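Note sheet for the following structure.
Each reported figure results from applying straightforward, stated rules to the coordinates on display, with no laboratory input. These numbers were taken from a predicted model, which means no experiment stands behind them. We place every Cβ from the backbone using ideal geometry, glycine too, and count neighbours over all the protein chains shown.
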Amino acid sequence: MPVTGWIEVNDHYCKGCDICVAACPPNVIALNMERLTPKGYHPAHLVSEGCTGCGICAIVCPDAAITVYRETPQRTRQKITVQEIA
Ligand code: SF4
Ligand code: SF4
C-alpha cells in the first residue's frame, strides 16, 4: 500500500508566495484563488490526491505555514508457533 499524506496550511502564516506550489514533486498544491486569508493572500491548498507526505513543502515554506501528515500502512503482527516452524 503506498504511503499517503496530506497537508494543512495555516491562514495566519501563508502569504501566497507560491514556493510550495513549485516545490511539490507530484504537483498537488495550488493557490486557492477563490479564498483570501485574513491578511489578503490567496492561500496554498491541496488540489488533488497524490500527496505522499514527503514534507518538502513544509521545508521550503519560508513562513512555516504548512503542517504535513503522513499515513503509513499498519504492520500486522502474526504469531507463529514453534510447531509451525519445525
Ligand atoms: S510556501 Fe508557505 S507562505 Fe508560500 S504559498 Fe506555500 S504555504 Fe503559503
Ligand atoms: S508533503 Fe510532499 S507531496 Fe505532499 S503536498 Fe507537500 S510537497 Fe507535495
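Does the stretch 17-27 include one or more residues that are within 27 Å of Thr72 (Cβ to Cβ) and touching a Lys or Arg at 6+ places or on another chain (Cβ under 6 Å)? No, every residue in the stretch 17-27 fails to be within 27 Å of Thr72 (Cβ to Cβ) and touching a Lys or Arg at 6+ places or on another chain (Cβ under 6 Å).
Put simply, of Ala44, Ala58, Ala65 the only residue that is of a type in the set (A, V, I, L, M, F, W, C) and near ligand 2 (Cβ under 7 Å from one of its atoms) is Ala58. Kindly evaluate Thr72 against the criterion of being loosely packed, with under 15 Cβ neighbours inside 10 Å, in contact (Cβ under 8 Å) with a residue 24 or more places away in the chain and hydroxyl-bearing (Ser, Thr, Tyr). Yes; evaluated as a whole, the condition is true for this residue.
Of everything in the stretch 1-34, what is within 12 Å of ligand 2 (Cβ to nearest atom) and of a type in the set (S, T, N, Q)? Give them in sequence order.
Thr4, Asn27
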